[in-house]
Amino acid sequence: MPDERMLTCMYAIVDYSAKRLNMPPLYPVAYKDIAAVVETACKERLAFDQQAAVEYGAALDVLNETFTLLPCRFGTFLQDERAVLQVLQEHYVFYKKKLEELRGKQEFGLKILSEKSVQVRNANNKKQCKDGKEYLLQKFYEYREDEERKRVNQKTVDVIHEELQKLSSMGVKNAEISGHVVFSGNYLVEKKAESFFCSKVEALQGMYPELKFLLTGPWPPYNFCR
Amino acid sequence: MNETDASQNVTVLELLDRVLNKGVVIAGDVTISVADIDLLYLGVKLLLCSVETMEQHKEKVAGVIGEREDA
């Protein structure tokens, strides 16, 4: 038998003091001057696939054009509007403070890749070792080479991060990097400074042609709302 | 893959990373049922990888129950 239970899906918490929402089927659940943007759906009709996640993100992008918002993580469901209201009441002070901090700002993501960060050592460029000692020595040199490369990359990306932090309200480095990615970070940038920030990234790319910069955004402030 | 496709893929991956891993987390998410088995809904990542498996389990369980009833 299909489950007819209704769930309320939360998209974002927005500053609802100036503008009104007109984006059906999304609607606001307001408390004082903030509101949760929600959608109600029958549980049976909920989708949890990649397309649903992408559509969710696209809706947040549209909301971000009109409102200062705190995006909710995909898959945030509450029982009903009363539960949503309760969340807004309980966390009003925090949400209000965060919305004030984020007013007029958007997020940019930057990943820096280096082809040289992972040395591919195939059989062709590896010399044959005549004994165990030579093999261990070769391993040691390879290790030293990798460490030196990491050190140089780290120094470079630290300089880049510092430069970009100066142009943003906040910049955070992500700890998780692997493979060719030598840096991953997010920056909260004033809307009026966006083009300057982007041109600075372009200029840095020109200064470090051995690295590949991947700049994405503007995004709603996913990394700055907690 | 050309540069435009690669760039679109990067954007989709960045978007998915954000909507699935970042943003405001609200405690008190409800328990929802997948394939008639209630799960404590901790995060959609769990569901993304488990829905298919749960559906398979459901089919298997239905099959076993059917066999027992026939016997």
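Some observations on this one:
- FRET efficiency for the pair A:L46 and A:N22, taken as 1/(1 + (r/R0)^6) with r the Cβ-Cβ distance and R0 = 22 Å, rounds to 0.40.
- Note on A:E55 and A:A83: with the Förster distance fixed at 22 Å, the Cβ-Cβ geometry gives a FRET efficiency of about 0.40.
- Sites listed here are GluC sites (Glu not before Pro) in the range A:1-53 whose DSSP assignment is loop and whose Cβ has at most 14 other Cβ atoms within 10 Å: A:E4.
- Sorting the segments A:16-23, A:77-84 by their mean number of nearby beta carbons within 10 angstrom, highest to lowest, gives A:77-84, A:16-23.
- A:H161 accessible area, assembled protein chains, probe 1.4 Å, Å²: 20 Å²
- Taking amide hydrogens as placed 1.01 Å from N in the peptide plane, the amide H of B:V24 sits under 5 Å from those of A:C72, A:R73, each at least 5 positions away in sequence or on another chain.
- Near A:L99: Cβ cut-off under 12 Å, other residues only, Lys/Arg at +1 and Asp/Glu at -1. The net charge is +2.
- For A:V182, residues with placed amide H under 5 Å, excluding near neighbours: A:I112, A:L113, A:S114
- Amide H partners (placed H, <5 Å) of A:T68, local residues excluded: A:D15
- Residue by residue along A:6-13, Cβ atoms of other protein chains within 10 Å of the local Cβ number 2 on average.
- GNM top mover of A:P209, A:P28, A:P71 - chain A, alpha-carbon springs below 10 Å: A:P209
- With a 10 Å cut-off around each Cβ of A:88-94, the average count of Cβ atoms from other chains is 1.
- Karplus 3J(HN,Hα) series, Hz, for the range A:82-91 with 6.51 cos²θ - 1.76 cosθ + 1.60 (x for Gly, Pro): 4, 5, 4, 4, 4, 4, 4, 5, 5, 10
- Checked against a 31 Å cut-off, the cross-linked pairs A:K139/A:K200; A:K97/A:K166; A:K43/A:K173; A:K130/A:K212; A:K96/A:K155; A:K19/A:K192 give Cα-Cα distances beyond that limit for A:K139/A:K200; A:K43/A:K173; A:K130/A:K212; A:K96/A:K155.
The values are calculated or read from the model by the stated rules, or taken from the named source; none is laboratory data. Every value quoted in this text rests on a predicted model; they were computed, and no experiment measured them. All Cβ positions, glycine included, derive from the backbone under ideal geometry; neighbour counts span all protein chains shown. To get the accessible areas, we keep the full protein, side chains included, count just its heavy atoms, and leave off ligands, DNA and RNA. Shrake-Rupley method; radii C 1.70, N 1.55, O 1.52, S 1.80 Å.
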